[in-house]
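*Asks:* My questions all concern the structure below.
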Amino acid sequence: MIARSIHFGLNCVNPEAYGGWEGPLAGCHNDARDWAAFVQVRGFNPTVFLDDHCTRDRVRTEIAAAAEELRAGDTFLLTYSGHGGQVPDINGDEQDGADETLCLYDGQLIDDEIDRLLAEFAAGVRVIVVSDSCHSGTVVRALPVHSLAARHRSAPRAACLANASILDHEIVVQKAQPPANRCANRAKVLLLAACADNQTAGDGARNGVFTAAAMDVLQDPEFRGDFGDLRARCAQRMPSSQSPQLLANSAAKKFTRQRPFTL
């Protein structure tokens, strides 16, 4: 059984791709390294990418390589810490009229693109995405399992990005659409997100607010819960304005009842 993980942390972005804005953050490198260290002792083979190594091509290449390699029973973990954005939904598949994005070093990666990449994983592969970023509630397009209602907007990670540097958004979305007769995801896809789509995620001096909470729960020797329990305990440690989310596709519903990050 193979367990691969990749961890992306961006304390800045390329200002040339974001209209002169560098988006400085404090805790994202630590988030990536801490997730990698945590899962490595649990049997994962982690790789960490920071700042200018977190490009659109790099993320897509790493996900595609994992999808090519892994088979039923294997596990793939992707953690992302950085800015999250929203751009106008142009293909009508978002109830709120916005696509959620990951703000990578040289431009944003749209949720439609992420969905298309995850659709390449074989049936039976367990895919976990952890996103400590603004507007991350459905950055992986899956069905909600546990979701807290968004009540307020939390303090953003220094500055929350919206509608910046989308790299030919219409072309990207058109290319991201799977064939009509194809299942959206064959793998067991699970998302742990720092907040709901209409919220922002807090940064910190050491870690992001969500990552700090998750590490606190997971490193508690008395914690024996499943993914739902992890989400609930993270929520207890976080401000009420930031509601962590747990989503899964239909294939992963039983997966959510397992102890997190165990093989």
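*Asks:* Sort out which residues of region 248-263 are under 20 Å from residue 39 (Cβ atoms) and among the hydrophobic types (A, V, I, L, M, F, W, C), and write them in order of number.
*Replies:* As a first pass, look at region 248-263 and keep what is under 20 Å from residue 39 (Cβ atoms): 248, 252, 255-263.
Matches in region 248-263: 248, 252, 255, 261, 263.
*Asks:* Quick one: count up the residues across region 218-263 that are assigned to a helix (DSSP H, G or I), open to solvent by 10 Å² or more (accessible area, probe 1.4 Å) and closer than 15 Å to residue 132 by Cβ.
*Replies:* Of the residues in region 218-263, 4 are assigned to a helix (DSSP H, G or I), open to solvent by 10 Å² or more (accessible area, probe 1.4 Å) and closer than 15 Å to residue 132 by Cβ.
*Asks:* Here's another thing I want to ask about it. I'd like the full set of residues that are assigned to a strand (DSSP E or B) and either among the β-branched types (Val, Ile, Thr) or touching a Leu at 6+ places or on another chain (Cβ under 6 Å) (or both), limited to region 118-140.
*Replies:* 127, 128, 129, 130
*Asks:* Within region 19-31, can one find any residue that is within 16 Å of residue 109 (Cβ to Cβ) and not in a loop (DSSP other than H, G, I, E, B)? Talk me through it step by step, then tell me what you get.
*Replies:* The initial filter retains those residues of region 19-31 that are within 16 Å of residue 109 (Cβ to Cβ), namely 23, 28.
From what is left, the residues that are not in a loop (DSSP other than H, G, I, E, B) are 28.
The answer is yes; a qualifying residue exists.
*Asks:* Still on this model: Which residues, counting only those in region 103-117, are in a helix (DSSP H, G or I) and either surrounded by 24 or more Cβ atoms within 10 Å (Cβ to Cβ) or of a type in the set (Phe, Trp, Tyr) (or both)?
*Replies:* We begin by selecting, within region 103-117, every residue in a helix (DSSP H, G or I); these are 111-117.
Residues satisfying the conditions are 111, 112, 114.
*Asks:* While we're looking at this one, here's another question. Between 150, 180, which is touching an Asp or Glu at 6+ places or on another chain (Cβ under 8 Å), within 24 Å of residue 112 (Cβ to Cβ), open to solvent by 30 Å² or more (accessible area, probe 1.4 Å) and modelled with pLDDT under 50?
*Replies:* 150
*Asks:* Within region 13-29, can one find any residue that is out of contact with any Lys or Arg (no Cβ under 8 Å at 6 or more places or on another chain), over 20 Å from residue 134 (Cβ atoms), open to solvent by less than 50 Å² (accessible area, probe 1.4 Å) and β-branched (Val, Ile, Thr)?
*Replies:* No: region 13-29 contains no residue that is out of contact with any Lys or Arg (no Cβ under 8 Å at 6 or more places or on another chain), over 20 Å from residue 134 (Cβ atoms), open to solvent by less than 50 Å² (accessible area, probe 1.4 Å) and β-branched (Val, Ile, Thr).
Residues checked against (1) open to solvent by less than 70 Å² (accessible area, probe 1.4 Å); (2) over 18 Å from residue 109 (Cα atoms):
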| residue | (1), (2) |
| --- | --- |
| 33 | no, yes |
| 41 | no, yes |
| 46 | yes, yes |
| 55 | yes, no |
| 59 | yes, no |
| 63 | yes, no |
| 68 | no, yes |
| 74 | yes, yes |
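*Asks:* Give me the residue from region 120-132 that is out of contact with any Ser or Thr (no Cβ under 7 Å at 6 or more places or on another chain) and not hydrophobic (A, V, I, L, M, F, W, C) and, out of that set, surrounded by the fewest Cβ atoms within 10 Å (Cβ to Cβ).
*Replies:* 124
*Asks:* What are the pairs, 6+ residues apart or on separate chains, where a residue within region 37-48 that is modelled with pLDDT of 95 or more has its Cβ under 8 Å from a residue that is open to solvent by 90 Å² or more (accessible area, probe 1.4 Å)?
*Replies:* Listed pairs, sorted by first residue: 38/219; 46/40; 48/33.
The values are calculated or read from the model by the stated rules, or taken from the named source; none is laboratory data. Just so it is clear, the structure is predicted and the values come from calculations on it, not from any experiment. Please note: Cβ atoms are built from the backbone with ideal geometry, for glycine as well, and neighbour counts cover all protein chains shown. These accessible areas exclude ligands, DNA and RNA; they are computed on the full protein's heavy atoms, side chains included. Shrake-Rupley method; radii C 1.70, N 1.55, O 1.52, S 1.80 Å.
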